[in-house]
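Worksheet: one structure, shown below.
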Amino acid sequence: MIPYYPLYLNGEFRETKSRQGVVNPSSGEAIAEAAIASSGDVEAALDSARRAFDTGPWRKISLSERKSFLLKISKGIIEKAAELARLETLNTGKPIKESTFMDVPSAAKTFEHFANNLGRYLKDESLELENAKSHILHEPYGVVVLIVPWNYPLLIASWKLACALAAGNTVVLKPSSLTPLTALELAKIIDGAGLPRGVVNIIHASGDAIGEQLCADKRVDMISFTGSSEVGKKIIAYSAENVKKLIMELGGKSASIVLKDADLESALTGCLCSIFLNQGQMCTAMSRIFVEDELYDRFVKDFLEKAKRIKLGDGLDYQTQMGPLISASQRKKVIAYVEKAKAEGAKLSCGGKIPNVPMLRNGFFFEPTVFEDVSEKMSIFQEEVFGPVACLNRFSDLDGAIALVNGTDFALAASLWARDTEKAKDLAGKINAGIIWINTYGMFYNDLPYGGFKQSGFGKELGREGFLEYTRLKNIIIDQAKEAKPLVSYWYGF
Ligand code: NAD
């Protein structure tokens with residue numbers, strides 16, 4: 001018997017008539033069943049979150065009580081860390097080392113960070129002006145819908161939940177229908193932390209089935225979405241009728257630039273990590289790697305050699321360096337990009353196929369793949385593949401390379417590799433991306449804002465700026481005219 005995960009609605013676990021099998025992408029086998037929310041369940045979740053915000057105790061509790069709830073959630077994650085890491089790996093296929101040492105502890109740290117800093121971040125301001133005093137207050141938005149993708153299910157849900165709750169909102173969280181398990185497990189931790197009824201609601205169903213209902217409803221004040229640009233555009237459209245505050249963290253087509261003075265070893269391992277970690281299923285995946293002419297041949301030789309040695313395997317095996325893609329259909333999409341690139345004339349230098357290894361036969365594995373001679377017109381250069389596919393590009397003209405880096409519809413992230421960090425900083429100023437790493441990749445900090453531009457979205461996650469996205473500013477002005485009457489008294493002259 002496989003475990004069953006109910007929805008979490010209004011402080012109760014709710015079983016539903018329909019349920020969906022959840023698959024382990026390493027083996028293709030069903031590992032659990034998750035309840036599917038009906039339209040009635042969505043209605044109940046929205047109602048519950050609205051009621052909890054408008055009339056429940058949540059808005060009235062002190063900041064220190066809010067802090068203590070968040071710390072309890074963080075502690076709950078730590079206590080269940082091994083179980084959560086295993087579940088995340090079973091459900092996503094990502095190597096257990098990643099879930100154990102990155103995703104789960106980072107999720108706990110995010111709750112802890114926003115618990116410990118919410119008082120500092122929520123500092124209201126008072127201003128003395130001529131004849132007036134102003135109080136600028138940070139208020140929660142109200143009901144926030146959180147929609148998250150499948151590549152970092154627990155971590156991204158935690159980024160959003162921690163900020164939304166620390167700011168005093170109530171939420172409806174919808175995980176991806178491919179990876180609902182850790183979010184539904186988190187519901188148990190949240191329930192154990194004793195948050196007031198209805199503050200957190202976690203529902204699961206396909207985005208197409210319930211997305212519009214969730215995102216168009218008048219009871220919702222804000223939507224925080226992480227996912228593809230395609231779905232992001234739909235959500236913007238759903239939300240337009242009732243005008244909602246949005247955070248959109250969308251797709252990317254990020255690039256690394258390796259300058260000729262770079263430390264070759266760090267640049268190589270950094271670039272490998274930035275495209276093959278999590279099977280390349282990262283919004284910040286550096287799928288285009290621009291290497292300066294003088295270094296190119298050595299870089300390519302070593303990069304290909306190392307890429308071929310990456311060990312594919314079951315996510316639960318500690319020796320595994322790369323797991324399967326999330327689903328058969330994701331693998332199909334990646335294969336279609338690879339075939340199109342070949343047809344368009346790109347040179348396939350490594351990988352490009354399903355591994356011919358009996359033990360991997362039932363999972364959705366795909367080899368680390370590297371293309372050279374990719375032109376800017378090719379789809380593989382312009383579009384997000386979301387798989388382990390790198391394009392290596394030689395350059396001698398730095399300005400030309402920057403133009404190519406900036407020449408897609410996305411603007412999420414970039415990595416620069418150079419010993420001359422002053423030159424790299426100067427270069428960073430010319431790159432159109434929300435986050436730029438110099439001599440590193442993938443460093444996220446709870447204290448620092450993160451988010452992209454152009455079709456990679458808008459709004460920030462994390463840091464004070466990301467946190468304040470979940471608040472609205474209210475300005476209260478008190479007239480202080482001393483001798484004269486306030487100016488408005490004279491307007492009609494009665
Ligand atoms: P997706 O857009 O297919 O799905 C994301 C979420 O939206 C899921 O929960 C899904 O069920 C839901 N959804 C789907 N259709 C919907 C609809 N019509 N209305 C409302 N919700 C709907 O993305 P994915 O395949 O889960 O994740 C991969 C994408 O996420 C990539 O494009 C990646 O770049 C992006 N991503 C971005 C960031 C970032 O911070 N910018 C981080 C991680 C992933």
Worksheet item: How large is the dipole of the chain about the Cα centre if only Lys and Arg carry +1 and Asp and Glu carry -1, each at its Cβ, rounded to the nearest 20 debye?
Response: 800 debye
Worksheet entry | Listed residues V370, V300, S415: farthest to the positive end of the dipole of the range 255-438 (Cβ charges) | V370
Practice prompt. With a 1.4 Å probe and every protein chain left in place, tell me how much accessible area C273 has, in Å² to the nearest 10.
Written response: 50 Å²
Worksheet item: Whose amide H sits under 5 Å from the amide H of S349, counting only residues 5 or more places off or on another chain, with H placed in the peptide plane?
Response: V370, F371, E372
Fill in: Candidate aspartates and glutamates - alpha carbon under 12 Å from K377, same-chain residues fewer than 8 apart omitted
E344
Item to complete: Measure off, as a whole percent, the carbon and sulfur share of the 1.4 Å-probe accessible area of the chain, all protein chains present.
Response: 53 percent
Worksheet item: Relative to the Cα centre, what is the charge dipole magnitude of the range 28-185, using +1 at the beta carbon of each Lys and Arg, -1 at the beta carbon of each Asp and Glu, and rounding to the nearest 20 debye?
Response: 360 debye
Fill in: Relative contact order for the range 255-438, counting Cα pairs under 8 Å that sit 6 or more residues apart, in percent
28 percent
Worksheet item: At a probe radius of 1.4 Å, what is the per-residue accessible area of S206, in Å² to the nearest 10?
Response: 50 Å²
Worksheet item: By how many degrees, between 0 and 90 and to the nearest 10, does the Cα long axis of helix 153-166 differ from the longest principal axis of the chain?
Response: 20 degrees
Practice prompt. Enumerate by residue number the trypsin sites (Lys or Arg not before Pro) in the range 85-172 meeting two conditions: DSSP loop (anything except H, G, I, E, B), and at most 15 other Cβ atoms within 10 Å of the site's Cβ.
Written response: K123
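Going down the table (K60/K94; K253/K332; K109/K174; K94/K333), which pairs top 30 Å between alpha carbons?
Listed pairs above 30 Å: K60/K94.
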Worksheet item: To the nearest 10 square angstrom, how much accessible area does S38 have with a 1.4 angstrom probe?
Response: 50 Å²
Response to the item:
Out of S379, L70, H135 - ranked by how far each Cα lies towards the positive end of the dipole of the chain, with unit charges on the beta-carbon of charged residues - the top one is L70
Discussion item. Between 0 and 90 degrees, rounded to the nearest ten: what's the tilt of helix 421-430 against the longest Cα principal axis of the chain?
Written reply: 70 degrees
Worksheet entry | Mean accessible surface per residue for the range 255-438, computed with a 1.4 Å probe while every protein chain stays in place, in Å² | 42 Å²
Worksheet item: Which values of log₁₀ I(q)/I(0), to two decimal places, follow from the Debye formula for the chain at q = 0.07, 0.08 Å⁻¹ with a uniform point scatterer at every Cα?
Response: -0.40, -0.52
Discussion item. Angle check, please: helix 264-276 long axis (alpha carbons) against the longest principal axis of the chain (alpha carbons), in degrees 0 to 90, nearest 10.
Written reply: 70 degrees
Fill in: Heavy-atom accessible area order for K332, K342, largest first, 1.4 Å probe
K332, K342
Practice prompt. Count the net charge of all other residues whose Cβ sits under 9 Å from the Cβ of L84, scoring Lys and Arg as +1 and Asp and Glu as -1.
Written response: -2
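The values are calculated or read from the model by the stated rules, or taken from the named source; none is laboratory data. Computed from a prediction, not measured in an experiment: that's the story for all the values here. Here the Cβ is made from the backbone with ideal geometry for all residues, glycine too, and neighbour counts use every protein chain on show. Quick note on the areas: whole protein, heavy atoms, side chains included, nothing else; ligands and nucleic acids left out. Shrake-Rupley method; radii C 1.70, N 1.55, O 1.52, S 1.80 Å.
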